[in-house]
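The values are calculated or read from the model by the stated rules, or taken from the named source; none is laboratory data. In this text, all values refer to a predicted model and were calculated from it rather than measured experimentally. Quick reminder, even Gly has a Cβ in these numbers, built from the backbone with ideal geometry, and neighbours come from all protein chains shown.
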Amino acid sequence: MADSHLASADRHELHLDALDRHPDVADAATSPANGNGPAAQRQGEPVWQVRDLNVTYAGMAALSGIDMDIHDGGVTAIIGPSGCGKSTFLFCLNRLSDLIPGCRVDGRVMLHSHDIFSPGTDLTALRRHVGIIFQKPNPFPTTIWRNLEMPLKQSGIRDKAEIAARIEECLTAVGLWNEVRDRLRRPALGLSGGQQQRLCIARALTLRPEALLMDEPCSALDPIATGVIEELIGEFRGKYTTVVVTHNLGQARRIGTDVAFFWNEGRGGRIIERGPVEKVFDAPEDDLTRLYVEGRIA
Amino acid sequence: MSWPQAAERRAGQGAADRWLAALLWAAALFSSGIVFVIVSTVAVEAIPFLREIGLTRLVSDEGWYPTYGRFQMTAMLIGSLVVAAGACVLALPAGVVSAVYLAFYAGRWSGRIYQRLLEILAGIPSVVLGFWGLTTVVPLIAKVEQPGTSLLAASFVLTLMILPTVALIAFARIAAVPDAYYRGAIGLGFSRWQAIRQVVLPAARPGIATGCILAFARALGETMAVVMVAGNIVQVPTSVFQPVRTLSANIALEVGYAMDVHRSSLFASATILVLAVLVIFAVGRWVAREDAHV
Amino acid sequence: MSEASQPLLAHRSALRRVDWSAPAVCAIPVAVVAVMAWMLGEIAWLGADKLSWTFLTEAPRNAGREGGIGPIIASTGLIVGICLATALPLAVATSVLIAEYLPAHSRTVRVMRTLLDVLAAVPSIVFGVFGYAFFALALGFGFSILSGGLTLATMILPILIGSIEQSLRAVPLDMRIAGAGLGMTRPAVIARVLLPLASPGILAGTLLGLGRALAETAALVFTSGYVARMPESLLDSGRTLSIHVFDLSMNVPGGSGPAAGTTLLLVLLLLVLNGALLWLIAIWRRRTGMSFTLTP
């Protein structure tokens, strides 16, 4: 498995060498070419190539030797028991890992052809390019409108009409527009949990990211709200590259196109198996994977 | 709650972040360094006195006649201590009982109102308390024994100033005692008062002690209210009805016209005052640290 | 009233005997409230007939026995204004560094906090002689509104920093991560998310500092001076309301009427400030759903 994996990686890298002349991550964030459209055309290309990623928290291994490609336009579900480094992996994809005290990262995380852990990476541009959604909805305790307007203004968009248009577009995209159009100036914390989470997704979408990272986006929500979010993620296929961490196997199966199964035997989380969702769930190569997806170990 | 420093710096948040950090550092070093400027300014002004007169004459001179070169401060030092101690005698028990009331006896509204009133009392200017003391308390005391402006008046006014400090700090400490202690004691058949007295107060004791120590330091340093009601005669009082002059009152009364060594002697007494308060403060800190071990 | 709060426990003790501790404990707050009522009532009684529009606007005459306190209110405003204008930016900057840039338990933070605690413990008369020696004489500002305002600024700095730092820390970590996740730089998150969220706390701390500045006398007697004329520049001497009360009651025989009027005004100002503080905290709680407590 490892051999074929490396071979395919090499192919991609050869191909991506040509991309080096393209705008790097910093420019890509503001370039309209990276909007929703072209992502669909590049279906199948890896957006991220992760090579030999090792992460420690204050000396304790959290992830060891992770190699992984994340494909354009797909929904990659990261599954595994708690403590296996799923969220840590997610945070490495847009360097929010920098915000975790005592966290040390080794290895390469290539976003297209740019190693995002290389010195001088423009973090601001990176995070505008790759949106993130957390377990607990975290709208700013201000109005719905200001929540959406703030990141736009921060990224230099001042035109009122454009701001209004983008806000409507993003709220529509998450199916929230009709629910909140009359109360945009009301507190975001007045919304229900599911609505708040969709607001957070809309907020991430305002910046027209290429990719979305989601850290157990439904685990704080009731089943109905969960269904709405899952449906939304399904709609993202082909439009955004989505990486979803979940502890819910059913959810991974419902929304994922690819799956990566993480496991930690005490020396840091490793990938046991990864591939298309049907393969990992229905014909796993590894016994551990089979036991896990059958719910016999946790 | 804070940003992981090293990682974000390595991350290169950009020039704006570095500039802001530099600016904030400058401000923070300035704010936290001011205390050195204050203490050294006051201490430097005291040097001429220490050089020409010396510390021993603060005790050995035959009285406080600064214009005649006599600089004995013992009486005022005693005055300060006695006035502050007098205030503590009343304020500490009343403050602690107030805290107990807030924690265990008050109803929903009565407790809230009493707490607000204590907060208001804590914010009443010392000059207002002094004015009230002078127009109301002093004449009452004068009916018992002349002249009215006295150790008793000063201590009473100071009591009102430090009581809220004691009460609010003690309340915070008592509220931090785990509920289980009180319930456990009640479960053992203790009455409410027994449970508080035997279990809750001992558990909160170091925190309450810190509050009391801080209150004493505040009483020692308080000036204007004392100047207004204490009578300001330099003497060691032999009864609570006699006028006294405290160290801080002396500074306030004489800095305006003092010259040369006399002026320097006042800065020397300010230095003594600030050192005394700092020592008390350090003791309070030490007691509070004991608190952490419980 | 006290029984209502602990129905179960009250019931238990009622089974055995009357709880005599309740009236004993409650006697203290009753006494304290009675003394406060006596004091505030007396001040209101003495000062009420003095307070009038002419008293508030006219200049004092005959050493303050007659006339009003117009120039004194103006000087008070200027001194407090200078005090806040200097102390507030410094305090915000210091608190942002402590709360957002330095690790919470680092040595630097501990040292800074200790120094600020020490600053808070320095008696106000020491601030007075410091301001006199430093601002008035060494820097040559003389007895002036500027000297007084700057002295007060050093005095209220720890109060401001304490409450601003606390209100920044009350903003959940989520908000910082959300900001970073949206590609906002740290200065942007601080300016656009954290400071606005903490603003009611910052305002509350400012009111607290303002109250302390209004109440102060000892630090001002030798820095801003006694002059009761209308100030024409910041380098003029000017007296605050509290110095006016002090001067009238100590140095002006027959001055207790206007002193009572000024005292009443001072007390009313502080009560309004206190009310504003509570209102502010309530608003914040309602708007953000977060709680905010100002500890002593």
Q. Which residues, taken from region C:7-32, are surrounded by 16 or more Cβ atoms within 10 Å (Cβ to Cβ), assigned to a helix (DSSP H, G or I) and modelled with pLDDT of 70 or more?
A. C:Ser21, C:Ala22, C:Val25, C:Cys26, C:Ile28, C:Pro29, C:Val32
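Which of the strands (runs of 3 or more DSSP E) contained wholly in region A:55-156 include at least 3 residues that are at pLDDT 90 or above, crowded, with 24+ Cβ neighbours inside 10 Å and in contact with a Leu (Cβ under 7 Å, 6 or more places away or on another chain)?
Numbers: elements: A:60-71, A:75-79, A:103-111, A:130-133.
The strands (runs of 3 or more DSSP E) meeting that bar are A:130-133.
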(Q) Looking only at region C:136-172, count every residue that is in contact with a Leu (Cβ under 7 Å, 6 or more places away or on another chain), surrounded by fewer than 24 Cβ atoms within 10 Å (Cβ to Cβ) and within 25 Å of B:Ala276 (Cβ to Cβ) and tell me the total. (A) 1
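Filter region B:22-72 for residues that are among the small types (Gly, Ala, Ser) and in contact with a helix residue (DSSP H, G or I) (Cβ under 6 Å, 6 or more places away or on another chain) and give the result.
Initial filter on region B:22-72 (among the small types (Gly, Ala, Ser)): B:22, B:26-28, B:31-33, B:40, B:43, B:46, B:54, B:60, B:63, B:69.
Across region B:22-72, the qualifying residues are B:Ala27, B:Ala28, B:Ser31, B:Ser32, B:Ala43, B:Ala46.
To keep it simple, each residue is scored yes or no on (1) in a helix (DSSP H, G or I); (2) more than 7 Å from chain B (Cβ to nearest Cβ).
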site: C:Ile82; (1), (2): yes, yes
site: C:Thr86; (1), (2): yes, yes
site: C:Pro89; (1), (2): yes, yes
site: C:Thr94; (1), (2): yes, no
site: C:Ala104; (1), (2): no, no
site: C:Arg110; (1), (2): yes, yes
site: C:Asp117; (1), (2): yes, yes
site: C:Ala120; (1), (2): yes, yes
site: C:Ala136; (1), (2): yes, yes
**Q.** Those residues of region B:178-231 which are in contact (Cβ under 8 Å) with a residue 40 or more places away in the chain, outside any helix (DSSP H, G or I) and of a type outside the set (Val, Ile, Thr), in sequence order
**A.** B:Glu222, B:Ala230, B:Gly231
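Condition first: in contact (Cβ under 8 Å) with a residue 40 or more places away in the chain and surrounded by 14 or more Cβ atoms within 10 Å (Cβ to Cβ). Now tell me which residues in region A:174-192 satisfy that. Walk me through how you get there before you give the answer.
We begin by selecting, within region A:174-192, every residue in contact (Cβ under 8 Å) with a residue 40 or more places away in the chain; these are A:174-175, A:184-189, A:191.
Residues satisfying the conditions are A:Val174, A:Gly175, A:Leu184, A:Pro187, A:Ala188, A:Leu189, A:Leu191.
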**Q.** Residue in region A:91-111 that is nearest to the chain's Cα centre (by Cα), counting only those that are away from chain B (no Cβ under 12 Å) and aliphatic (A, V, I, L, M)
**A.** A:Leu93
Q) Considering A:Arg296, A:Arg267, A:Arg253, which residue is surrounded by fewer than 19 Cβ atoms within 10 Å (Cβ to Cβ), in a helix (DSSP H, G or I) and out of contact with any Gly (no Cβ under 7 Å at 6 or more places or on another chain)? A) A:Arg253
(Q) If I filter region C:229-260 down to residues being within 18 Å of C:Ser52 (Cβ to Cβ) and under 21 Å from the mean Cα position of the chain (by Cα), which single residue comes out as nearest to the other protein chains (Cβ to nearest Cβ)? (A) C:Val245
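Got at least one residue in region C:188-203 being free of Cβ contacts under 8 Å to residues at least 60 places away in the same chain and at positive phi?
Within region C:188-203, the subset free of Cβ contacts under 8 Å to residues at least 60 places away in the same chain is C:188-189, C:191-193, C:196, C:198-199.
Then drop every residue that is not at positive phi, which leaves none.
No, the conditions are met nowhere in region C:188-203.
Within region C:41-48, can one find any residue that is of a type in the set (A, V, I, L, M), closer than 30 Å to C:Val171 by Cα and either in contact with a His (Cβ under 9 Å, 6 or more places away or on another chain) or in contact (Cβ under 8 Å) with a residue 12 or more places away in the chain (or both)? Before the answer, list the steps.
Step one: of region C:41-48, the residues of a type in the set (A, V, I, L, M) are C:43-44, C:46, C:48.
The next check asks that each one be closer than 30 Å to C:Val171 by Cα; those that pass are none.
Scanning region C:41-48 turns up no residue that is of a type in the set (A, V, I, L, M), closer than 30 Å to C:Val171 by Cα and either in contact with a His (Cβ under 9 Å, 6 or more places away or on another chain) or in contact (Cβ under 8 Å) with a residue 12 or more places away in the chain (or both).
Among the residues of region B:67-82, are any in contact (Cβ under 8 Å) with a residue 40 or more places away in the chain and more than 28 Å from C:Tyr132 (Cβ to Cβ)? Lay out the reasoning, then the answer.
Step one: list which residues in region B:67-82 are in contact (Cβ under 8 Å) with a residue 40 or more places away in the chain, which gives B:67, B:69, B:71, B:73-82.
From the residues that got through so far, the ones that are more than 28 Å from C:Tyr132 (Cβ to Cβ) too are none.
Within region B:67-82, not a single residue is in contact (Cβ under 8 Å) with a residue 40 or more places away in the chain and more than 28 Å from C:Tyr132 (Cβ to Cβ).
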Q) Name the residues in region B:239-269 that are in contact with a Gly (Cβ under 9 Å, 6 or more places away or on another chain) and either under 25 Å from C:Asp117 (Cβ atoms) or β-branched (Val, Ile, Thr) (or both), would you? A) B:Val240, B:Val244, B:Thr246, B:Leu247, B:Ser248, B:Ile251, B:Ala252, B:Val255, B:Val261
Q: Scan the helices (runs of 4 or more DSSP H) fully inside region B:62-170 and keep the ones with 2 or more residues being closer than 22 Å to B:Phe241 by Cβ and more than 14 Å from chain C (Cβ to nearest Cβ).
A: B:74-100, B:138-144
Q) So C:Phe222 fits all but one of (1) buried (at least 24 other Cβ atoms within 10 Å of the Cβ); (2) within 7 Å of chain B (Cβ to nearest Cβ); (3) within 26 Å of B:Glu119 (Cα to Cα); what number is the exception? A) (3)
Q. Within 13 Å of the chain's Cα centre (by Cα) and among the β-branched types (Val, Ile, Thr): does that describe A:Thr241?
A. yes
